[in-house]
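S.K.: Below is the structure I would like to discuss, written out as structure tokens.
The values are calculated or read from the model by the stated rules, or taken from the named source; none is laboratory data. Given the structure is predicted, the values throughout are model-derived calculations rather than measurements. Note: ideal-geometry Cβ built from the backbone for every residue, glycine included; neighbour counts use all protein chains shown.
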Number of protein chains: 2
Amino acid sequence: MTRSTKSKGPNPIPSVWAREQRRTDQPALSRDAIVREAIAMLDAEGIEALSMRKLGARLNAGATSLYRHVATKDELMELAVDEVTAEIHVPPAGGPDWRAAVTEAAGSFRTTALRHPWLTLVLGQAGLAYLGPNYMSFSERLAALFTAAGFPEPSRAIETLFSYVIGMSNAEAAWLTTVARSGETEADFIARLMPAAQRAAADHAHLAIPHTEVEEATTDPAALRDMKFAYGLEVVLDGLALRLPRKGR
Amino acid sequence: MTRSTKSKGPNPIPSVWAREQRRTDQPALSRDAIVREAIAMLDAEGIEALSMRKLGARLNAGATSLYRHVATKDELMELAVDEVTAEIHVPPAGGPDWRAAVTEAAGSFRTTALRHPWLTLVLGQAGLAYLGPNYMSFSERLAALFTAAGFPEPSRAIETLFSYVIGMSNAEAAWLTTVARSGETEADFIARLMPAAQRAAADHAHLAIPHTEVEEATTDPAALRDMKFAYGLEVVLDGLALRLPRKGR
DNA sequence: TCCGCTGTGCGTACAGTGTTCGCATCGAAG
DNA sequence: CTTCGATGCGAACACTGTACGCACAGCGGA
């Protein structure tokens, strides 16, 4: 008994009293808490800053403890995607103005994608597997909307529209991520890069940037982005409207 | 001299003769060779299988030797993107049928993106920096095409169209990557997953998959994808055509 | 012929990553 | 009180991108 107490253990003094109580102030480790914190980290620090160790640290837990609630990091990302999908608002089907409803849904997707700039990246990385409940109900509501609008092949129309919406949102999110990393405001960032951009475009006859656009980009870049998105959205909606069997306008 | 020859060195016998000649059979290490091999690896093994060590090994070189020709892995990816961009064919501006020309350019982008399924991922990851020469000339040719077609704001039209094209291609590329990882043919993969998909859609009234589509998906899935892409492309082009000042049809 | 220089390859090392394994500890059930 | 399943976690493994400094090849000039 008087043998040296193998002092290699986690506690220098192997006494029950020296050991700290289990912390119950923190809301404990649970799948939901993990996903919530992961989303917060992704939003704040970007997609490549999220590591299981850092996430564990923020939850006052060891890195490997997370694996009791989540099979793998990829699965965690799927859960995060599904969680965030719930933020997208799709108006109920059957309203009088299908274009307004679809515009609302598309805009809601965009603002969600810009609030969580990693969303479209993760969505694009895995071609499948996103059959989470929130994602399913999002799809269902969209399908209902387009069916009620009278589209003979609603899934085609949805695929077309959201290819545009996702593509555009993804580009915007990537841009905003770059801006955020620079630490400057968007307008300052643009102003600083403009000379280089114009020098690069100098050799190409058709790439000149009109003065009015330079003006707006350095004044209210967010408004310019809003307008660009709205423009493309109208284009796609116009094209889709032509597929409507008469009278749907 | 009879002391034990510190056998920790790279060569067991530290003799000039034991050392192997510098290999000159291999075409030497150069930036171009590195980029070419990187693209080959990306195409064959996917984006997350590319590591500097494996790439070095394939070039009969040490991992860190690559850094003499390439500043960082991100830079290497930019170079790969630009290299691959040269494969996209954009018809010359001023032809009689702008729709056919734009359709050709969009289709060429798509096939390139499907041949290199990592393209859209990398494109989306960095919002900027892709001002490589090939990418610039690609943009220039597109701008020329849309300007000649008579669009008052060609950059808006291009942005709209390619948001759709990139969004759609990205989704397809991700899907094909998933299929490839399964080791099955696309049709088999679909057939195996269909029951699960239908079970998942059972609770949602508007998500049923029409029988004709199930039929085609399990028979000639590539043709179905072609058709979906073409459908959305026509939609967008119809919408764009409405912005043409009269007579452009 | 020799010297130094510059460009190139690379072995070693560092700080990180996702994930596995086995041990310690807990609350609840028998 | 004992037993058991669930949970936390330290250590370890096989990787990753990349900085650093040494070794050496070829070359221009003395």
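S.K.: Which ones in segment B:60-69 are surrounded by fewer than 19 Cβ atoms within 10 Å (Cβ to Cβ) and either outside any loop (DSSP other than H, G, I, E, B) or in contact with a helix residue (DSSP H, G or I) (Cβ under 8 Å, 6 or more places away or on another chain) (or both)?
M.R.: Within segment B:60-69, B:G62, B:A63, B:T64, B:S65, B:Y67, B:R68, B:H69 meet the criteria.
S.K.: I've got another one for you. Hey, among A:A80, A:A57, A:A93, which residue is within 22 Å of the chain's Cα centre (by Cα), aliphatic (A, V, I, L, M) and either within 16 Å of DNA strand C (Cβ to nearest atom) or not in a helix (DSSP H, G or I) (or both)?
M.R.: A:A80
S.K.: Sticking with this structure for a sec: Any idea which residue in segment B:81-94 is nearest to DNA strand D (Cβ to nearest atom), counting only those that are farther than 15 Å from B:L131 by Cβ and surrounded by 13 or more Cβ atoms within 10 Å (Cβ to Cβ)?
M.R.: B:V84
S.K.: Can you go through B:E83, B:E104 and tell me which one is at pLDDT 95 or above, of a type in the set (D, E, K, R) and outside the structural domain of B:I166 (by TED's automatic domain parsing)?
M.R.: Checking each option against the conditions leaves just B:E83.
S.K.: Is it true that some residue in segment A:179-195 is over 27 Å from B:L145 (Cβ atoms), more than 8 Å from chain B (Cβ to nearest Cβ), basic (K, R) and surrounded by fewer than 18 Cβ atoms within 10 Å (Cβ to Cβ)?
M.R.: Looking for residues that are over 27 Å from B:L145 (Cβ atoms), more than 8 Å from chain B (Cβ to nearest Cβ), basic (K, R) and surrounded by fewer than 18 Cβ atoms within 10 Å (Cβ to Cβ), one finds at least one in segment A:179-195, hence yes.
S.K.: While we're here: Can you confirm whether A:F151 is within 29 Å of B:G239 (Cα to Cα) and more than 7 Å from every other protein chain (Cβ to nearest Cβ)?
M.R.: Criteria met by A:F151.
S.K.: For A:L131, which of the numbered conditions (1) assigned to a helix (DSSP H, G or I); (2) without any contact (Cβ under 8 Å) to a residue 24 or more places away in the chain; (3) within 7 Å of chain B (Cβ to nearest Cβ); (4) under 20 Å from the mean Cα position of the chain (by Cα) fails to hold?
M.R.: If we test A:L131 against (1) assigned to a helix (DSSP H, G or I); (2) without any contact (Cβ under 8 Å) to a residue 24 or more places away in the chain; (3) within 7 Å of chain B (Cβ to nearest Cβ); (4) under 20 Å from the mean Cα position of the chain (by Cα), just (1) comes out false.
S.K.: Scan segment A:221-246 residue by residue and report those that are more than 11 Å from chain B (Cβ to nearest Cβ) and in contact (Cβ under 8 Å) with a residue 24 or more places away in the chain.
M.R.: A:P221, A:A222, A:L244, A:P245
S.K.: Now, a different point. Just need a number here: residues in segment A:60-77 that are away from chain B (no Cβ under 14 Å) and either more than 25 Å from A:A173 (Cα to Cα) or more than 12 Å from DNA strand C (Cβ to nearest atom) (or both).
M.R.: Summing the residues that are away from chain B (no Cβ under 14 Å) and either more than 25 Å from A:A173 (Cα to Cα) or more than 12 Å from DNA strand C (Cβ to nearest atom) (or both) in segment A:60-77 gives 12.
S.K.: Name the residues in segment A:96-128 that are touching a residue at least 60 places away in the same chain (Cβ under 8 Å) and not in a helix (DSSP H, G or I), would you?
M.R.: Correct list: A:H116, A:P117, A:W118.
S.K.: Still on this structure: Could you check, for segment B:105-120, whether at least one of its residues is under 20 Å from A:A171 (Cα atoms), at the interface with chain A (Cβ under 10 Å from one of its Cβ atoms) and among the charged types (D, E, K, R)?
M.R.: no
S.K.: Moving on to the next point. If I ask for residues that are modelled with pLDDT under 95 and within 19 Å of A:V90 (Cα to Cα), which ones from segment A:162-185 would you list?
M.R.: none
S.K.: If A:W118 meets every condition in (1) under 14 Å from the mean Cα position of the chain (by Cα); (2) within 16 Å of DNA strand C (Cβ to nearest atom); (3) outside the structural domain of A:T178 (by TED's automatic domain parsing) apart from one, which number is that one?
M.R.: All conditions pass for A:W118, except number (3).
S.K.: Shifting gears a bit: Is it fair to say A:L59 is within 16 Å of DNA strand D (Cβ to nearest atom), hydrophobic (A, V, I, L, M, F, W, C), closer than 20 Å to A:G132 by Cα and in contact (Cβ under 8 Å) with a residue 24 or more places away in the chain?
M.R.: For A:L59, the condition - within 16 Å of DNA strand D (Cβ to nearest atom), hydrophobic (A, V, I, L, M, F, W, C), closer than 20 Å to A:G132 by Cα and in contact (Cβ under 8 Å) with a residue 24 or more places away in the chain - is not met.
S.K.: What number of residues within segment B:62-80 are under 30 Å from A:H206 (Cα atoms), of a type in the set (G, A, S) and near DNA strand D (Cβ under 8 Å from one of its atoms)?
M.R.: 0
S.K.: Output the qualifying pairs, or none if there are none: Cβ atoms under 9 angstrom, residues six or more apart or on different chains, first residue in segment B:154-178 and at the interface with chain A (Cβ under 7 Å from one of its Cβ atoms) and in contact (Cβ under 8 Å) with a residue 40 or more places away in the chain, second residue of a type in the set (K, R) and crowded, with 21+ Cβ neighbours inside 10 Å.
M.R.: Hits for this filter: B:M168/B:R110.
S.K.: Further question: Could you say which residue among A:A171, A:A191, A:A180, A:A187 is under 20 Å from the mean Cα position of the chain (by Cα), aliphatic (A, V, I, L, M) and closer than 20 Å to A:M227 by Cα?
M.R.: So the residue among A:A171, A:A191, A:A180, A:A187 that is under 20 Å from the mean Cα position of the chain (by Cα), aliphatic (A, V, I, L, M) and closer than 20 Å to A:M227 by Cα is A:A171.
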